[in-house]
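Right, one structure below, let's go through it.
The values are calculated or read from the model by the stated rules, or taken from the named source; none is laboratory data. Being a predicted model, the structure only gives us computed values, none of them experimental. Glycine gets a Cβ as well: all are built from the backbone with ideal geometry, and neighbour counts include every protein chain shown.
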Amino acid sequence: MIRRGSDTILFDCGEGAQQQMMRARTGFTVDAIFITHWHADHFLGIIGLVQTLSFNGRKEPLTIYGPEWVHDFVTELRHLCRFNVKFPVLSEELVHGVSIPFEGYQVKAFATDHGMESLGYALVEEPRPGRFDRERAIALGVPPGPLFGRLQRGEPVSIVQDGVTVSITPEQVMGPARPGRTVVYTGDTRPVIKDLLAVVDHADLLIHDATYDDAALERAREVFHSTSGEAGDIAVRLSADTLALVHISSRYTSTASHIRDATKRFCGKVIVPDDLYMFEIPFRG
């Protein structure tokens with residue numbers, strides 16, 4: 001789950017998702033659901049969640065985005081919940097390179113490698129305005145007050161100097177644009193750096209499949225998953241700030257080897273988040 005402004009976006013929705021949402025006290029406001037692939041542990045929670053949303057009085061449509069077969073899934077969902085859903089459930093099939101726009105950001109799909117049709121997603125914010133140079137504005141004759149706000153919103157303003165009307169543009173008083181934040185979620189996959197770099201070139205937070213440690217590399221290849229060391233390599237290529245290792249196999253009683261293998265390749269922050277872990281992503285610049 002990603003909260004961005006007033007929006008709440010789910011990336012995959014496994015069995016028990018509602019219980020986790022209650023434990024995390026997030027509420028059930030969901031604006032969109034993006035599914036990476038059609039293995040049951042990534043979508044079984046949608047059926048119950050949709051019925052709960054309807055019970056709670058939802059009226060606005062909910063779109064479920066995903067790879068091939070998303071339309072089939074939503075059709076079956078409507079059949080299963082025929083009398084219990086009082087709002088439109090829509091579907092949209094995505095392919096590599098497609099972007100879904102939201103207010104102030106977009107979600108970009110990229111191809112992954114999991115032995116079936118599958119996608120990963122990058123939530124990419126639009127650049128933020130540069131810093132406002134208050135002293136420069138005053139020096140140009142702009143009085144402090146509402147005109148400052150208009151300039152910061154990207155609007156030119158007019159002032160009168162010595163009886164002459166002068167136009168002041170935002171470019172004169174605003175610094176260079178600052179980057180927004182980017183979160184990348186791979187879902188289950190082998191490393192796919194070429195496809196990832198075609199969509200983004202940086203990740204503030206990279207959430208990457210790390211089912212196995214490096215000692216089980218051959219097993220990871222057989223079942224289309226990644227090792228923690230491979231996730232570390234991807235983090236380096238993406239100039240990531242933080243790498244979150246997820247989907248750890250239940251065969252491991254400790255994640256020490258995963259952290260060791262990732263930090264051998266990647267010198268940034270590495271975390272293995274527990275369930276319900278909450279992470280606030282700061283702005284750069």
Modelled with pLDDT of 95 or more, part of a helix (DSSP H, G or I) and farther than 29 Å from Met278 by Cβ - does that describe any residue in region 16-25? no
In region 248-258, which residues are in contact with a Ser or Thr (Cβ under 7 Å, 6 or more places away or on another chain) and surrounded by fewer than 22 Cβ atoms within 10 Å (Cβ to Cβ)? Ile248, Ser249
Taking the stated definitions as given, is Val107 within 28 Å of Lys194 (Cβ to Cβ) and touching a Leu at 6+ places or on another chain (Cβ under 6 Å)? yes
Looking at (1) hydroxyl-bearing (Ser, Thr, Tyr); (2) at pLDDT below 95; (3) surrounded by 15 or more Cβ atoms within 10 Å (Cβ to Cβ), which is the only condition Thr36 fails? (2)
Please work out which residue is farthest from Arg128 (Cα to Cα), limiting yourself to region 58-111 and to residues that are touching a strand residue (DSSP E or B) at 6+ places or on another chain (Cβ under 6 Å) and of a type in the set (S, T, N, Q). Ser91
Name the single residue that is surrounded by the most Cβ atoms within 10 Å (Cβ to Cβ) among those in region 1-23 being charged (D, E, K, R) and in contact (Cβ under 8 Å) with a residue 24 or more places away in the chain. Asp12
Hey, Thr26 of a type in the set (Ser, Thr, Tyr), surrounded by fewer than 20 Cβ atoms within 10 Å (Cβ to Cβ), over 24 Å from Ser6 (Cβ atoms) and out of contact with any His (no Cβ under 8 Å at 6 or more places or on another chain) or not: no
Flagged pairs (Cβ under 7 angstrom, 6 or more apart or on separate chains; first in region 221-249, modelled with pLDDT of 95 or more; second of a type in the set (Phe, Trp, Tyr)) are His225/Tyr212; Thr227/Tyr212; Gly232/Phe266; Ala235/Phe266; Val236/Phe266; Leu243/Phe266; Ser249/Tyr212
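Could you identify the single residue in Val85, Val166, Val142, Val157 that is surrounded by 12 or more Cβ atoms within 10 Å (Cβ to Cβ), under 30 Å from Glu68 (Cβ atoms) and not assigned by TED's automatic domain parsing to the domain that holds Ile234?
Result of the check over Val85, Val166, Val142, Val157: Val85.
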Out of (1) at pLDDT 95 or above; (2) farther than 17 Å from Ala122 by Cβ; (3) polar (S, T, N, Q), what's the single condition that is false for Thr29? (1)
Which condition from (1) closer than 23 Å to Glu126 by Cα; (2) touching a Ser or Thr at 6+ places or on another chain (Cβ under 9 Å); (3) buried (at least 18 other Cβ atoms within 10 Å of the Cβ) is the one that Leu245 breaks? (1)
Can you name every residue in region 87-113 that is charged (D, E, K, R) and in a strand (DSSP E or B)? Glu92, Glu93, Lys108, Asp113
Between a residue in region 98-111 that is at positive phi and any residue that is of a type outside the set (A, V, I, L, M), which pairs come within a Cβ distance under 9 Å, given they are 6 or more apart or on different chains? Gly104/Arg4; Gly104/Gly5; Gly104/Asp7; Gly104/Glu125; Gly104/Glu126; Gly104/Gly180
Residue by residue through region 214-237, note down the ones that are assigned to a loop (DSSP other than H, G, I, E, B) and surrounded by fewer than 24 Cβ atoms within 10 Å (Cβ to Cβ). Val223, Phe224, His225
Among the numbered criteria (1) among the charged types (D, E, K, R); (2) more than 27 Å from Pro129 (Cα to Cα); (3) touching a residue at least 60 places away in the same chain (Cβ under 8 Å), which one does Asp213 miss? (3)
Identify, from the list Val270, Val183, the residue that is at pLDDT 95 or above and closer than 20 Å to His42 by Cα. Val183
